[in-house]
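The values are calculated or read from the model by the stated rules, or taken from the named source; none is laboratory data. All figures in this text were calculated on a predicted structure; none of them were measured in a lab. As a convention, Cβ positions derive from the backbone with ideal geometry for all residues, glycine included, and neighbour counts pool all protein chains shown. Calculation scope for accessible area: heavy atoms of the full protein, side chains included, ligands and nucleic acids excluded. Shrake-Rupley method; radii C 1.70, N 1.55, O 1.52, S 1.80 Å.
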Amino acid sequence: MSVEKAKRIRELLDRNDALLVAHYYQRDEIVEVADLVGDSLELARNASGNPRSLVVFCGVGFMGQSVKILSPQKRVIMPRLACCSMARMIDSSYYDESIKLMESYGIKKEDIFPITYINSNAEVKAKVGEMGGVVCTSANASKIFEYAKSHNKKIFFLPDRCLGLNLAQRHSIPSAVLGVSSKEEVLRAEIICYDGFCSVHQLFSVEDIEFYRAKFPDILIATHPECPPEVVAKSDFVGSTSQIINFVNSLEPTQRVAVGTEFNLVNRLRKPVNGVNYTFVLSSTKPECPTMNETTLDDIINVLEAYERGEPYNEINLDSNISALAKRALDKMMELSK
Ligand code: 13P
Ligand code: SF4
C-alpha cells in the first residue's frame with residue numbers, strides 16, 4: 001500500500017468526520033486502510049451505529065444503500081458506485097411479476113411471506129417491507145427463516161436461489177424456483193426462490209471438492225451459502241464471510257482447508273507455514289468479484305476531496321417513501337439478529 005495515499009486518506013477522513021468502511025472482498029490496500037471491515041451484516045450494523053456523520057463505503061451499491069436506509073441522517077458516499085450482479089437480477093417490476101405469477105397459480109398475496117437477501121436494491125427491499133417481510137444476510141439467514149416460518153405462509157425468497165435452496169436443504173423442507181419449477185412443485189414448496197444467483201460463487205463445483213479431497217484426504221471444505229446446493233451439501237463448514245474467517249482462524253495452522261468464496265478474502269486468510277501453503281482457493285478459475293475489485297485508493301482520495309470542496313458525487317440519496325418501507329424490512333432483521 002502506498003504510505004502517502006494512506007496518510008492522505010486518513011487526513012481527509014478525520015477532517016470530514018468520516019468513517020471508511022470496506023467489505024472483505026475489497027482489494028488488500030483498501031482493507032488495510034479501512035476503519036471498519038466486515039461481512040454485510042456487521043457493516044450495516046456497525047457503520048449505521050457509528051457516531052461519524054459521513055460514511056465512505058467501499059463495497060457494492062446495496063451495502064451503501066443499507067447504511068443510508070438504517071441511518072438516514074448520515075451522508076453516505078461510495079468511491080465507486082459498483083453494483084453486485086446478483087442484486088441487478090431483480091428490480092421492483094420483476095418483484096411484482098413474481099407475485100403475479102404465484103397468484104396465477106392460486107397462491108394469495110396475503111399468504112406469501114417475502115425474505116430478501118440484503119443483496120438487492122432499496123426498491124426491492126421496500127416491496128418486501130410493504131408486505132411485512134424481512135431482509136436477511138448470509139450470517140443470519142437461518143434465524144430469519146425460522147421467524148418467517150412461524151407465520152405459516154409460503155416463503156418467497158429472493159433474489160439468490162442458491163441461498164434459498166440451501167436454507168430449504170438445511171431445514172429439510174420442499175422448495176421450488178419460480179419460472180423454472182413446475183406449477184405443482186411451486187404449490188408444494190414451502191420456500192419459493194427467485195431465480196437469481198451470484199456468478200462468482202457459481203464457479204465452485206463438486207468436482208473441485210473431489211479434486212482436493214483426492215489430493216489431501218484430511219482437507220476441510222469451507223464455503224459461502226451463495227454456492228450451489230450440491231457444493232454446500234458436501235462442505236464441512238458453511239457461513240458468511242466473517243464466519244468463514246473465524247472458522248479458518250480456529251483451525252490448527254497446518255490443517256488444510258479449501259475455501260469457496262471470493263479470491264481477495266481467501267488470499268488474505270493464512271500465511272504459509274515453513275513455506276508450505278495450507279489454505280486453498282476452491283476453484284481452478286480465479287473467483288474474483290469484478291465490481292468489488294473496482295475501488296482503488298485513488299478513488300477514495302478523489303471522492304473525499306470532492307466532498308470537501310462541496311462537490312460531492314456518488315452520494316447515496318433515496319426516495320423517502322422507498323427508504324421508509326425498506327427500513328421496515330431492515331429494522332426487523334436487525335431486531336431479529338441481536
Ligand atoms: P457476506 O454477507 O457473507 O459478507 O456476503 C456478501 C456477499 O456479497 C457475498 O458474495
Ligand atoms: Fe454480488 Fe457475488 Fe460480488 Fe457478492 S461476490 S458482491 S453476491 S456479485
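For residues in the stretch 195-224 being open to solvent by 20 Å² or more (accessible area, probe 1.4 Å) and of a type in the set (F, W, Y), which is nearest to T254 (Cα to Cα)? Don't jump to the end; show me each part of the working.
From the stretch 195-224, those open to solvent by 20 Å² or more (accessible area, probe 1.4 Å) are 195, 197, 199, 202-203, 205-208, 210-218, 220; that's our starting set.
Then drop every residue that is not of a type in the set (F, W, Y), which leaves 197, 211-212, 216.
Values: F197: 34, F211: 19, Y212: 15, F216: 12 Å.
Per the stated criteria, the residue is F216.
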Seminar exercise, completed: Selection from the stretch 305-338 of residues surrounded by fewer than 16 Cβ atoms within 10 Å (Cβ to Cβ) and within 21 Å of A82 (Cα to Cα) yields E305, A306, E311, P312, Y313, N317, D319
Exercise. Would a scan of the stretch 235-258 turn up a residue that is within 20 Å of the chain's Cα centre (by Cα), closer than 30 Å to H151 by Cβ and among the aliphatic types (A, V, I, L, M)?
Worked result: yes
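Suppose we filter Q169, Q73 for residues that are touching a Pro at 6+ places or on another chain (Cβ under 6 Å) and away from ligand 1 (no atom under 16 Å from the Cβ); which single one remains? Quick ask: steps written out before the conclusion?
Working: Q73 fails: touching a Pro at 6+ places or on another chain (Cβ under 6 Å).
Exactly one of Q169, Q73 is touching a Pro at 6+ places or on another chain (Cβ under 6 Å) and away from ligand 1 (no atom under 16 Å from the Cβ), namely Q169.
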Exercise. Which ones in the stretch 175-194 are in contact with a strand residue (DSSP E or B) (Cβ under 8 Å, 6 or more places away or on another chain) and open to solvent by 60 Å² or more (accessible area, probe 1.4 Å)?
Worked result: E185, R188, E190
Exercise. In the stretch 100-134, how many residues are among the hydrophobic types (A, V, I, L, M, F, W, C) and either touching a helix residue (DSSP H, G or I) at 6+ places or on another chain (Cβ under 6 Å) or within 22 Å of H201 (Cβ to Cβ) (or both)?
Worked result: 8
For this session: Tell me, yes or no, whether the stretch 16-37 has at least one residue that is basic (K, R), part of a helix (DSSP H, G or I) and touching a residue at least 24 places away in the same chain (Cβ under 8 Å).
Result: no
Problem set entry | Where a residue in the stretch 298-314 is over 10 Å from V56 (Cα atoms) and its partner, wherever it lies, is of a type in the set (K, R) and surrounded by 13 or more Cβ atoms within 10 Å (Cβ to Cβ), with Cβ under 7 Å and at least six apart | D299/R80; I301/K5; I301/R8
For this session: Quickly run through the stretch 283-304 and pick out the residues that are within 16 Å of ligand 2 (Cβ to nearest atom), under 30 Å from S53 (Cβ atoms) and open to solvent by less than 10 Å² (accessible area, probe 1.4 Å).
Result: M292, T295
For this session: Report, ordered by the first and then the second residue, all pairs with beta carbons closer than 9 Å, sequence separation of six or more or different chains, a first member in the stretch 239-253 that is within 16 Å of L43 (Cβ to Cβ) and open to solvent by 80 Å² or more (accessible area, probe 1.4 Å), and a second member that is within 16 Å of ligand 2 (Cβ to nearest atom) and β-branched (V, I, T).
Result: none
Seminar exercise, completed: Within the stretch 38-56, the count of residues that are assigned to a helix (DSSP H, G or I), away from ligand 1 (no atom under 11 Å from the Cβ) and either among the hydroxyl-bearing types (S, T, Y) or out of contact with any helix residue (DSSP H, G or I) (no Cβ under 8 Å at 6 or more places or on another chain) (or both) comes to 3
